[in-house]
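The numbers here are math on the coordinates, done by the rules we state, and not lab data. Predicted model, so just to flag it, every value in this text is computed and none were measured. Cβ sites come from the backbone with ideal geometry, for glycine too, and all protein chains shown count toward neighbours.
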């Protein structure tokens, strides 16, 4: 596992925490893939040409009351529209009191290519609900993306009771960005591992590790889906979670409703007879791989 940790320290998008990792991982976002233009509103200015701002979504939902370690996020970028390479700037601003993680993206821009980055959008706790404008400006073009701020209890969770709910973990690795709240952010993909999308515990080869999700009140629960780290280079069969119990809680009392043993897949669905629960807990017991950390990307509760 030492060669795995060393390689991951270079590529923060897939960093695996481990005592042999050497220098601490930074959690820097990976280069964004080529992105199709957003359907959000684009307003070209007089004589606009050369660079087009792009966004990974046509609207962003930013719930109130979530853990500050897991703000709303989206991909932003720009595309070269002329036949020559150039250095280009993308300027970012948002209606107050919202905040953004960067005010500008600067890059060398080959003709016909995209460059991009991850943008975090912070919502202060006392922000009024409503729609706010986020603006991306490049080469006299403005792309406006509406940001919808909604209370957590009014969030459309699509039937996933865990979405954006508070999360408590037994520990959290500090060598990169592994916040427990990221397991309920709605993104089950492993591509942003160590960049804020996935939890890694801090106690190698020490079990159990626990991850508890507060559902905000009693819900009827009959299914839990768990996603563990799983990429082509670092498959779940070598680095993912292997054994765990699924527990439901009600008024502080926990009961085991499902067990998973010997897993080698990136995701596992656990079905059980419906119960009333105000919390769900994952009790991790073992992982695949020599250094045996717990790595969870997402938990969905239905």
- [ ] Work out how much length residue 214 to residue 251 would gain on full extension: take 0.36 nm times their residue separation and subtract the Cα-Cα distance, in nm to one decimal.
- [x] 12.2 nm
Open item on the list: Show me the ranking of peptides 199-208, 145-154 by mean Cβ neighbours inside 10 Å, starting with the highest.
Closed with: 199-208, 145-154
- [ ] Can you grab the distance from the C-alpha centre of segment 109-148 to the C-alpha centre of segment 182-221, Å, no decimals?
- [x] 27
Task: Fewest-first sequence of 227, 108 by Cβ atoms within 10 Å of each Cβ - done: 108, 227
Task: If the convex hull is drawn through the Cα atoms of segment 75-137, its volume per residue in Å³ - done: 75
Task: Mean shadow area of segment 41-151, taken as a quarter of the surface of its Cα convex hull (nm²) - done: 6.6
Open item on the list: Show me the three semi-axes of the equivalent ellipsoid for segment 170-247, from the C-alpha gyration tensor (sqrt of 5 times each eigenvalue), largest first, rounded to whole Å.
Closed with: 21, 15, 14
- [ ] For a footprinting-style exposure proxy, rank 234, 293 by other Cβ within 10 Å, fewest first.
- [x] 234, 293
Open item on the list: Please compute the length gained on full extension between residue 269 and residue 232, using 0.36 nm multiplied by the number of residues separating them and subtracting their Cα-Cα distance.
Closed with: 11.2 nm
Task: Hydrodynamic radius (Kirkwood) for segment 197-302, which is based on Cα pairs only, to one decimal in Å - done: 13.8
TODO: With a/c under 1.5 counting as rounded, go ahead and sort segment 82-238 into rounded, prolate or oblate using the C-alpha gyration tensor (a ≥ b ≥ c being the square roots of the eigenvalues; past the cut-off, prolate if a/b is larger than b/c, else oblate).
DONE: oblate
TODO: Between residue 171 and residue 148, with labels modelled 7 Å along Cα→Cβ, what's the label distance in nm to one decimal, could you check?
DONE: 4.1
Open item on the list: Please arrange 155, 211, 120 by how many other C-beta atoms lie within 10 Å of their C-beta, fewest to most.
Closed with: 120, 155, 211
